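The structure appears right after this line, and notes come after that.
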Amino acid sequence: MIEIIPAIIAEEFRELKKKIRLVEPYVDWVHIDIMDGKFVPHSTWSEPKKLKDINTNLKIETHLMILDPFKTLDDWLRAGISRVIIHWESLKLNPEGQLKKITEKVKNYKFQIPEPQRRVKKRIYPLRLGVALNPETPWQEIKAFVKNLDLVLLMGVNPGRSGQSFREEILPKIKALREFSANLNIEVDGGVKPENIRKIIEAGANILVAGSAIFEARNVKMAVEELRQR
Ligand code: DX5
Ligand code: ZN
C-alpha cells in the first residue's frame, strides 16, 4: 500500500497544531520535522512533552534532524508518537554502537507505550524506528541494520528546508534498496510532487512524504488526492 504523509515544519506549537488540523481529515499519518540548528542550519519547534496536548487520531512520526538524538529520545518516545526517525549522519562517534543502543531503547518501548492520541486504553501499539539517509549517503552503510528497522527514509533533498527540487540520482538508490529488501518500508522525503511521485513509487518507495506539495497548495484535500492518484 502506498502511504502519503504530509510533512510539517513548524516554528512554534500553534503552527504545528494548525497544520495538523488542516490535514487531519485526509490522511492517517503526519510527519513532523524537528531541527536543532546544528545538524541542519534551521531550528523548529521541539517540545516533545507538549505533543500530547494535541488530541488527534493521526499517527505521528517525528523526523529528528538533530545531533545526538539519543539524548532526547526518551522524551520523544514518551510523547505518544508511533514512529521515530533518526539520521544516520547525526551519529558522529561510533555510529554502529549508537544505532544499536537506539534500536534497543525503541524496542523496549514497544509493548509499553499506547498511542494516547487515539485514546485507546487497553491496546498497545508497537513503536517503530526509522533511519534517514542524506542524498549522498550510500544505503549500504546501514545494510546490517535494515532487518531491525521499520523503515528507511531516503532523503530526496538535503535536509533542512521545504520546497527544494527532488534529486533524480536518488532513484537508483531507491531501486537498489528495494532489491535488497522486498518488505522494508522505504520512505522518500523531500521534493515529492505530483509530477515525480509515480517515478519514485516505481523505483520502489511505498511511503511518500510531501511538504510544499500539500501545504502550499490552495486546496489541501485536492493536493493529497492528486498525490494519491498519480
Ligand atoms: C526536509 C524535510 C522534509 C520537507 C519536505 O528537510 O525533512 O520533510 O519538509 O518538504 P518538501 O516536500 O517541500 O520538499
Ligand atoms: Zn522530513
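The values are calculated or read from the model by the stated rules, or taken from the named source; none is laboratory data. Just so you know, these numbers come straight off a predicted model, no measurement behind them. Virtual Cβ from ideal backbone geometry, glycine too; neighbours counted across all protein chains shown.
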- Message: Under 9 Å between Cβ atoms, which residue pairs at least 6 apart in sequence (or on different chains) link something in region 184-198 that is among the basic types (Lys, Arg) with a partner that is outside any strand (DSSP E or B) and within 14 Å of ligand 2 (Cβ to nearest atom)?
- Response: LYS193/PHE166; LYS193/SER212; LYS193/ALA213
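Looking only at region 211-223, filter to residues that are surrounded by fewer than 21 Cβ atoms within 10 Å (Cβ to Cβ) and touching a residue at least 12 places away in the same chain (Cβ under 8 Å); which one of those is farthest from ligand 1 (Cβ to nearest atom)?
This residue is LYS221.
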- Starting from residues that are hydrophobic (A, V, I, L, M, F, W, C) and buried (at least 20 other Cβ atoms within 10 Å of the Cβ), keep the ones in region 1-19 and report whichever is nearest to ligand 2 (Cβ to nearest atom). ALA7
- With respect to the numbered conditions (1) at pLDDT 95 or above; (2) away from ligand 2 (no atom under 16 Å from the Cβ); (3) more than 19 Å from LEU149 (Cα to Cα); (4) of a type outside the set (Ser, Thr, Tyr), which one is the sole condition not fulfilled by LEU91? (3)
- Task: Go through LYS199, LYS173, LYS193 for me and flag whichever is under 23 Å from LEU64 (Cα atoms) and more than 16 Å from ligand 2 (Cβ to nearest atom).
- Result: LYS173
- Item | Failed item in (1) at pLDDT 95 or above; (2) touching a Ser or Thr at 6+ places or on another chain (Cβ under 8 Å); (3) within 25 Å of THR103 (Cβ to Cβ); (4) within 16 Å of ligand 1 (Cβ to nearest atom), with ILE81 passing the rest | (1)
- Message: Taking the criterion of being crowded, with 16+ Cβ neighbours inside 10 Å, among the charged types (D, E, K, R) and within 16 Å of ligand 2 (Cβ to nearest atom), would at least one residue in region 128-143 satisfy it?
- Response: yes
- Query: Here is a list of conditions, (1) surrounded by 20 or more Cβ atoms within 10 Å (Cβ to Cβ); (2) modelled with pLDDT under 90, and ILE113 meets all of them except one; can you say which number that is?
  - Reply: (1)
- Note on the structure: Residues in region 53-71 that are farther than 20 Å from LEU154 by Cα, over 16 Å from the mean Cα position of the chain (by Cα) and surrounded by 13 or more Cβ atoms within 10 Å (Cβ to Cβ) total 3
- Can you run down the residue pairs with Cβ atoms below 8 Å, 6 or more apart or on separate chains, where the first is in region 16-35 and more than 23 Å from ASP75 (Cα to Cα) and the partner is within 15 Å of ligand 2 (Cβ to nearest atom) and part of a helix (DSSP H, G or I)? LEU22/PHE215; VAL23/ILE214
- Query: What number of residues within region 216-230 are at pLDDT below 95 and part of a helix (DSSP H, G or I)?
  - Reply: 1
- In region 44-76, which residue that is of a type in the set (S, T, N, Q) and within 16 Å of ligand 2 (Cβ to nearest atom) is nearest to PRO135 (Cα to Cα)? THR62
- Message: Given the criterion small (Gly, Ala, Ser), more than 10 Å from ligand 1 (Cβ to nearest atom) and more than 13 Å from the chain's Cα centre (by Cα), identify the matching residue among SER181, SER165.
- Response: SER181
- Message: Quick check on my filter: what residues within region 27-52 are surrounded by fewer than 17 Cβ atoms within 10 Å (Cβ to Cβ) and in contact with a helix residue (DSSP H, G or I) (Cβ under 8 Å, 6 or more places away or on another chain)?
- Response: GLU47, LYS49, LYS50, LYS52
- Only residues that are within 14 Å of ligand 1 (Cβ to nearest atom) and closer than 11 Å to LYS173 by Cα: list them for region 138-156, please. LEU154, MET155, GLY156
